[in-house]
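The values are calculated or read from the model by the stated rules, or taken from the named source; none is laboratory data. A quick note: this is a predicted structure, and the numbers were derived from the prediction, not measured. Cβ atoms come from the backbone with ideal geometry, glycine included; neighbour counts cover every protein chain shown.
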Amino acid sequence: MRVFIFIFLLFSNLLALENRQSLMDSISEYAIKIGTGPNKTYSFIDPLCSKSQAFIELIVNREDLQKETSYYIFLYELPRLHSKEYIIYIYQAKNPLEALKEVMIYQDYDIEINETSSETVVFMKKITEVAKQMDIKKWPYLLIYKKGSKYCLVSEGTAPCLEENDFQ
């Protein structure tokens, strides 16, 4: 019986790993992108989380990292920080990357949200759905795909990617 339970758990975990890339592809259009490198890092961050802030400051200030990797930043609220209004502010800004820097690095911002756009609500909901499917509980959560590798790295350790990475 233990063998069957083990096989079932292994199979369900493998399916989840296989779906990571397709989940990331499904929301990549909503990402704030930093860098132009051939490797890809998908990051789920909270704008008020100090570790997320340090991560963003690092990649914004290091051009060498931006040349090696394309960073796809998704804003996802850490419940205890109550950052929803900051996330909305960043996503609805004319330049979300600059708004991200204002909030996370410079901490120089004046949040004024008159109304949340329906578009913002839709993609915040999609990002939340993906984060829940991936069972994200730590911030920043990183999912790293190195070009040509059959493995992805996650902030919780290394996990096999069951499909070839297709970097187009």
Note to self: Among the numbered criteria (1) in contact with an Asp or Glu (Cβ under 7 Å, 6 or more places away or on another chain); (2) assigned to a helix (DSSP H, G or I); (3) at pLDDT below 95, which one does residue 111 miss?
What the structure shows: (2)
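Identify all residues within the stretch 75-100 that are under 20 Å from residue 122 (Cβ atoms), part of a helix (DSSP H, G or I) and of a type outside the set (Asp, Glu); write none if there are none.
Answer for the stretch 75-100, where residues must be under 20 Å from residue 122 (Cβ atoms), part of a helix (DSSP H, G or I) and of a type outside the set (Asp, Glu): 84, 86, 87, 88, 89, 90, 91, 92, 96, 99, 100.
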Next item on the list: Please work out which one of (1) surrounded by fewer than 18 Cβ atoms within 10 Å (Cβ to Cβ); (2) farther than 18 Å from residue 58 by Cα; (3) at pLDDT below 95 is the condition residue 106 fails and give its number.
Entry: (2)
Next item on the list: Identify the residue in the stretch 36-74 that is out of contact with any strand residue (DSSP E or B) (no Cβ under 8 Å at 6 or more places or on another chain) and surrounded by 19 or more Cβ atoms within 10 Å (Cβ to Cβ) and, among all such residues, is nearest to residue 89 (Cα to Cα).
Entry: 48
Note to self: Looking at residue 138 and the list (1) closer than 28 Å to residue 39 by Cβ; (2) outside any loop (DSSP other than H, G, I, E, B); (3) free of Cβ contacts under 8 Å to residues at least 24 places away in the same chain, which single condition is not satisfied?
What the structure shows: (2)
Next item on the list: Kindly indicate the residue of the stretch 114-135 that is outside any helix (DSSP H, G or I) and modelled with pLDDT of 85 or more and also surrounded by the most Cβ atoms within 10 Å (Cβ to Cβ) among those meeting that condition.
Entry: 134
